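Single-structure report; data block below.
The values are calculated or read from the model by the stated rules, or taken from the named source; none is laboratory data. Predicted, not measured: the structure shown is a model, and the values here were computed from it. In this analysis, Cβ positions are derived from the backbone assuming ideal geometry, glycine residues included, and neighbour counts consider all displayed protein chains.
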Amino acid sequence: MYSEKVIDHFTNPRNVGEIENPDGIGEVGNAKCGDIMRITLDVEDNIIKDIKFKTFGCGAAVATSSMVTELVKGKTLEEALTISNAAVAEALGGLPPLKMHCSNLAADAVHAAIKDYLDKKTKV
Amino acid sequence: MQENRNEGLILRRIYLDHSATTPVDPEVAELIMKYYLESYGNPSSVHFFGRQVKKAVEEAREQVAQLIGAQAGEIIFTSGGTESDNLAIQGTVRARGNRGKHLITTAIEHHAVLDAFKYLAKNGYDLTILPVDEEGIIDLEDLVKAIRPDTILISVMHANNEVGSIQPIAEIGKITREKGIFFHVDAVQSLGKLPIDVVKMNIDLLTISSHKIYGPKGVGALYVRRGVKISPLVFGGSQEKKMRSGTENAPGIIGFGKACELAGLRMNEENKALRQLRDKLIKGIMDNIPSVKLNGPSGDKRLPNNVNISISFVEGESLLLSLDMIGIAASSGSACTSGSLDPSHVLLAMGLSHEVAHGSLRFSLGRQNTEEEIDIVIQELPKIVERLRAMSPLYNKVD
Ligand SMILES: Cc1ncc(COP(=O)(O)O)c(C=O)c1O
Ligand code: FES
């Protein structure tokens, strides 16, 4: 039911883990089935220099997490904020209809982490 | 191995999902082929072709009846467990709805039972859904208390398909018979694994299915005790004593009969082997993976072939996918595998949190599984869990 790309990202997920003392943290839960994703990122000169994820969820959730980190790494914050859930799903060669909600987690967590970074920045 | 998903590359696949369905026994398959290729008549026909098949269908009826202690005349062949459940429940209500509006079932029934009842509850019937304890077993006192003067049907499954818990069917039968309430039992998972005697257990209606006991898919039966009147759901050519019209799936029925005969012959020996493998697998998992919980009862209160565990901090579908990649087939009660995106209603009814139900894994063993296969699972599962836990934000928070 999953595309080769989904399986590839599930089997060999990119950027798994957690950055120590990250510049931004985004954690979102999935109201639909109770899955959780946490993104940590480092920003330098407005660019996402490093990004890591941890996910508790289905194969699609892990794959979209992995894919979104690949998509935004090295991008400016503005570029990263334009990455949509649909774009992540598309980059994976599509997801089964029942699994579309899993991709929400990924983009939302990245956006939350960026927002966290921007909030912290404006405070100092 | 992980780089290339060419399905052919997995040298050995291990099937541990026998509660979903079983392979067809070779002896059964061979018999069925004969009724597709040679003896293909319609059992209702008068000519030789018809008579020949009719005779075999009636033999199958005997074989099925024998496995559950019934008379052949009390067996109605259907398209499977789902249809039998619906026929029992809706058929009772159609025949006895004028006597009362109250129905009783349990929180852990298969959806074929639960959803049939829920439909009736939306259409003028009162439904009591009995809770279960943490092992997945109902309390007889709850049942007795739930009974009302207008209760017409009580439906309790024999053994649960997810956690393997076994209900006190004979005790319930005593109560229902005394009160004149119809008693339906879904025995899809217990057939061929637990002794069933519809007479001794005072059962009025019993659902069974062929594809869980090494018979073909799409065939089942409903036992209807002589004297118990229910209404048909399907009208037409008056087959199966008008209780289930439509040309019989003769090859399927004949295969089901054979599968019942074989199950009766092999049950005792097979169960001994299954229990050993089951307990070996449970122990192997508990000893080798931290933070694991066995769902359902142990020992004799559990189906001989069922293992159901919850693995904390990981999600069930990820587990299934990872197992499948190395050739191991299992199932899960995780919300992510359910289609409805709710975790298993059985695990929730047993008091598990969403999170713990989410990481549930069911292995259901069968005839051809070996100790060596169980060893492979015990060896591989901890590695998979470790990999997924390293990815889990929940795991990090704990240590
Ligand atoms: C307890 C129980 N009842 C009913 C069914 C439905 O049987 P069938 O697949 O033959 O429709 C199943 C099968 O999963 C089951 O496990
Ligand atoms: S995360 Fe639950 S279905 Fe995808």
Fill in: Pair list, Cβ under 6 Å, 6 or more apart: the stretch B:214-241 residue over 25 Å from residue B:29 (Cβ atoms), other residue β-branched (Val, Ile, Thr) and in a loop (DSSP other than H, G, I, E, B)
B:223/B:198
Worksheet entry | Filter result for residue B:209 (polar (S, T, N, Q) and either closer than 19 Å to residue B:364 by Cα or touching a residue at least 24 places away in the same chain (Cβ under 8 Å) (or both)) | yes
Worksheet entry | Those helices (runs of 4 or more DSSP H) lying entirely in the stretch B:291-361 with at least 1 residues at the interface with another protein chain (Cβ under 8 Å from one of its Cβ atoms) and surrounded by fewer than 22 Cβ atoms within 10 Å (Cβ to Cβ) | B:316-325, B:354-358
Discussion item. Going by what's in this entry, would residue B:8 be described as surrounded by 13 or more Cβ atoms within 10 Å (Cβ to Cβ) and either at pLDDT below 95 or farther than 26 Å from residue B:159 by Cβ (or both)?
Written reply: no
Worksheet entry | Lone qualifier among B:249, B:268 - being within 16 Å of ligand 1 (Cβ to nearest atom), out of contact with any Leu (no Cβ under 9 Å at 6 or more places or on another chain) and more than 14 Å from chain A (Cβ to nearest Cβ) | B:249
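Here's the yes/no breakdown for (1) closer than 18 Å to residue B:78 by Cβ; (2) among the hydrophobic types (A, V, I, L, M, F, W, C); (3) away from ligand 2 (no atom under 16 Å from the Cβ); (4) out of contact with any Pro (no Cβ under 8 Å at 6 or more places or on another chain):
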{"site": "B:169", "(1), (2), (3), (4)": "no, yes, yes, yes"}
{"site": "B:184", "(1), (2), (3), (4)": "yes, no, yes, yes"}
{"site": "B:203", "(1), (2), (3), (4)": "yes, yes, yes, yes"}
{"site": "B:220", "(1), (2), (3), (4)": "yes, no, yes, yes"}
{"site": "B:254", "(1), (2), (3), (4)": "yes, yes, yes, yes"}
Discussion item. Quick check on my filter: what residues within the stretch A:1-26 are closer than 21 Å to residue A:118 by Cα and either surrounded by fewer than 16 Cβ atoms within 10 Å (Cβ to Cβ) or over 13 Å from the mean Cα position of the chain (by Cα) (or both)?
Written reply: A:18, A:19, A:20, A:21, A:22, A:23
Item to complete: At least 2 residues that are farther than 18 Å from residue B:392 by Cβ and more than 13 Å from every other protein chain (Cβ to nearest Cβ) in each: list the helices (runs of 4 or more DSSP H) lying fully within the stretch A:1-111 that qualify.
Response: A:59-72, A:77-82, A:85-91
Item to complete: Being buried (at least 21 other Cβ atoms within 10 Å of the Cβ), in contact with a helix residue (DSSP H, G or I) (Cβ under 8 Å, 6 or more places away or on another chain) and within 21 Å of residue B:335 (Cβ to Cβ) narrows it down to one of A:37, A:67, so name that one.
Response: A:37
